[in-house]
Amino acid sequence: MTDHRRTLRRIDGKCDARFLTFSCFQRLPLLTRDRTRQWTVEAIERARDKHGFELWAFVLMPEHVHLLIFPQPIQPKVGSILSTIKLSVSMRAVRWAKKHPPAFLDRLVDRAPDGSVTHRFWQRGGGYDRNLWSPKHIRETIDYIHRNPAERGLCKRPEDWTWSSIRAFRDPEAGPLRIDRQHIPAVGESRRHR
């Protein structure tokens, strides 16, 4: 049987903004509880502290996460940033499930072809990664990220969704994560020649 999934090709080191999407294991809605959402927020903050990227926008959906980040020129590749986020949440979730609802672990079982078993919180692979350099595309992506919960019917208005950066665009102190708004390019500004 042929695997028809596209291979992710990351283009690191170009001083572009990066639109990242990564999904929960088998697209399960593992981010429906505030507990797992808070673990994810804390992991994003730890990754930002460790790797030094700017966080321009985010949303936590029930089964996936969208991030718009701006990596600094001298830093690890995006794969390292995602590993920092995903590993932390996975370890906490599996540890919690072993203590509280151990039967839930069965939903997280991933059997490799060699028969080995692991527990996964996140889907295998790197998810979706797109380089953005145009201020217009950056702004459109921020709008897409913020509209996502309302378009999915999770809330009436985007600003009603707590687990997003939309509130931080109006009030820097609002929302679960601080947004680095000061360097988001204005439409008409050239990102590549900064």
Test: residue 103 is over 15 Å from the mean Cα position of the chain (by Cα), small (Gly, Ala, Ser) and in a helix (DSSP H, G or I): yes
Search result, residues across region 54-94 that are of a type in the set (Lys, Arg) and within 20 Å of residue 137 (Cβ to Cβ): none
Residue that is farthest from residue 43 (Cα to Cα) [pool: residues in region 132-179 that are part of a helix (DSSP H, G or I) and in contact with a Gly (Cβ under 8 Å, 6 or more places away or on another chain)]: 135
Qualifying residue in region 114-134 (condition: more than 19 Å from the chain's Cα centre (by Cα), within 23 Å of residue 18 (Cβ to Cβ) and at pLDDT 90 or above): yes
One residue from 130, 147, 120, 167 being basic (Lys, Arg), in contact with a Phe, Trp or Tyr (Cβ under 7 Å, 6 or more places away or on another chain) and surrounded by 16 or more Cβ atoms within 10 Å (Cβ to Cβ): 120
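The values are calculated or read from the model by the stated rules, or taken from the named source; none is laboratory data. Every value quoted in this text rests on a predicted model; they were computed, and no experiment measured them. We place every Cβ from the backbone using ideal geometry, glycine too, and count neighbours over all the protein chains shown.
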